[in-house]
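A quick write-up on the structure given underneath.
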């Protein structure tokens, strides 16, 4: 591994350790039994098969959102639209899951493909506006999130809402659901879909000409355009792929973890996805590890919240801290300098 | 106190791992002109940036009058009487001369900037040092020679006693250079100490008292200029003897590959940036474009490479109008371009060497099948190019930002000078590149020409232009003012006169010659 790469790993690790230490500090402040709480936080997630399954199930949507973000980030596009797409694709495919009777297998495939198309089409809007007119994709995608939330709520209250349920849509048909693999762990088959997406994105980014174009545009758009790469087309492709993955993520999460549509607001996967992509340095395979780690943290935080006197918000604080540390370019800069110097002195 | 200033065992390693200085010692005597000489990339500028507080040394010490100095910023350096004039001027184009000179030290009148005092101050300064400048002129409209004077005055206004000039003659014509030298000698007589960074040996012999020679980040020693010959300096700079002669095949030129007709360009200005340009570059021909920076060369190159629009007139590459083509279509017709700014346009810095080598051909049949890249073919090709151009790198998968400037440029040239390349636009192809790399680049440009390619060469290096070009045009204020079909009759002095606009050839004659 090159020193440059080792440095990224090192910086990520140090950021994570600092964030953990900060979490411990918070626990010490709010908890009457801090040692016990910390033990629960660190070891709790591994104490029962159900908890381990929970880590994996929590990681699955994060893998989708992390991948979705990694693709646009690779093209240097800071699009936060995955958030809205997760929610909205979940709402739209509920129509199919509730009212379109299809045989098992076909039903799930239709739902997932429909979600991919919806996600891609939605992303096309900020993508096209950016590529063609230079409108900031960060702003348009955040605005789109609000619009999608509004549209989703409208769909929910006017169409999906089950008058018998307190807060949710009509139940999904049994044929639409994604089943659990091993009952003890409760891990569902969405895991395989997520891993398949990781493999597909890996191949797409590193082995195809479109991936090459996306990466070159991301590294240096001036260089890409001078080389003859069509920037408009490339930015749009990156957005389409990213949107499709986010759409798939939203649908898989809906039909695997829920029996009806019950999101009342944006689920937050998109923003966590940005964190995951950053932790993974936008590498699709590393997204898996980053997602598992964040899932582990939030499972730990949940357990602590349930079994001790520490609030669940701690997990949010932790995540924000990690983003902050990873995102600060200059973090550990002087250390990097010395580390490089030593590498050369050898 | 023999020395005014000493730098002892200074080393500098950059974050990307490049060793810019290694154990360099450097000293200045009061009132001398000290030349700091070496190839591009030998570490001259870095050493001076350390002295001027722009870079922190990784190790080593600085002494001013035998007292240890701790310089953390340029402000510290200025406080100690050290001033620097950078190769790229640090002037605000929209400001007047007086505003630029008093920037940051503006004379104030009740917290408001006192413009009149600034002008008076500038006038007094220009009288004191005998530098004729108009304090009220807008800086952007002035020629580079004057801008340089402003930079020097700026440093003097801030109390500089030690003046560092980074390649001051690079942008000047021979006449302007001569004038600068006279002024430097006057400053020296007034007790100023001057560091003169250059890689031109003739100039060093002409102006300096002592010379420190640098090579590959190390000092090769300090010498009294009168006691060392030009040949000795040259050998120490390169470290070995190098044959940089170029042999061009004698042949007749073929059909026109680049045709520019009645090209004028305003780019939103009232004054034309390019006016009525006509020329043809034929198969097997290298056409050189000379001119002082800022006379329309950059705009011409940008129009030919589609970063600027054709406003009036026409540009044809291989008989097709470039307005109706995308860059991709031009490239498919064998169009190559070595851009002036390799870091910003020529490479993708954090991508691998092989990825940088294929950016103009990654989707050809050779490297791509139904959208899937042929990794093996790409690696093979990259290794072949690395060997052919002797690119020093850790391997084809290593990141290109780990390479030195010269090796990075070799990658750019290797990518652009393919067998399929029929038209090449080369902008400053060897700027900031060491002699060895420059030679390889020259050889390959000539090889392209020998195989029937048409090359348009923009360069600020007159020796390079004269060495490579078959025909040569001089640009001044957006026009061609001279055209040579036979380069053996050119002298640098005469070129200088055309570049400054003092001499002009007959326009209709130029037009006839370069568009027959």
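Throughout, read-outs are computed from the coordinates displayed, never taken from laboratory work. In this text, all values refer to a predicted model and were calculated from it rather than measured experimentally. Backbone-built Cβ (ideal geometry, glycine too); neighbour counts: all protein chains shown.
Observations on the model:
- Taking 0.36 nm per residue of separation and subtracting the current Cα-Cα distance, fully stretching the chain between residue B:384 and residue B:8 would add 131.1 nm.
- Cα→Cβ-extended label distance, 7 Å offset, between residue A:175 and residue B:248, nm: 7.8 nm
- Spatial separation of Cα centroids for the range B:427-483 and the range B:46-90, in angstrom: 36 Å
- Mean residue ellipticity at 222 nm, helices only, chain A: -25000 deg cm²/dmol; runs of at least 4 DSSP H residues each add -39,500 (n - 2.57), and the sum is divided by the number of residues.
- Estimated distance in nm for a label pair at residue A:162 and residue B:200, the labels positioned 7 Å out from Cα along Cα-to-Cβ: 8.5 nm
- Only beta bridges with both residues in the protein assembly as shown are counted; by DSSP, about 60 percent of them are antiparallel.
- Anisotropy class of the range B:397-476 from Cα gyration tensor, a/c 1.5 cut: oblate
- Degrees separating the helix B:115-129 axis from the principal Cα axis of chain B, which is the longest one: 90 degrees
- Between A:119, A:265, A:218, the GNM of chain A built on Cα springs shorter than 10 angstrom shows A:265 fluctuating the most.
- Cα convex hull volume per residue for chain A (Å³): 161 Å³
- Degrees, to the nearest 10: B:405-416 long Cα axis against longest axis of chain B: 20 degrees
- Distance between the range A:270-312 and the range A:197-256 - C-alpha centres, whole angstrom: 24 Å
- Sorted peptide list for A:88-97, A:108-117, B:423-432, criterion being average Cβ within 10 angstrom, highest first: A:88-97, B:423-432, A:108-117
- Listed residues A:81, A:127, A:150, most fluctuating in chain A (Gaussian network, C-alpha, under 10 Å): A:150
- Its DSSP H runs of at least 4 residues, each contributing -39,500 (n - 2.57), put the calculated 222 nm mean residue ellipticity of chain B at -9000 deg cm²/dmol, to the nearest 500.
- Axis angle, to the nearest 10 degrees, between helix B:375-388 and the longest C-alpha principal axis of chain B: 60 degrees.
- Reported to the nearest whole Å, the Cα centre-to-centre distance from the range A:45-71 to the range B:296-351 is 48.
- In this label model, residue A:42 and residue A:320 are separated by 2.5 nm, measuring between points 7 Å along each Cα→Cβ vector.
- Neighbour-count ranking [beta-carbon atoms within 10 angstrom, fewest first] of B:67, A:186: B:67, A:186
- Only Cα pairs under 8 Å and 6+ residues apart enter the sum, and on that basis the relative contact order of chain B stands at 15 percent.
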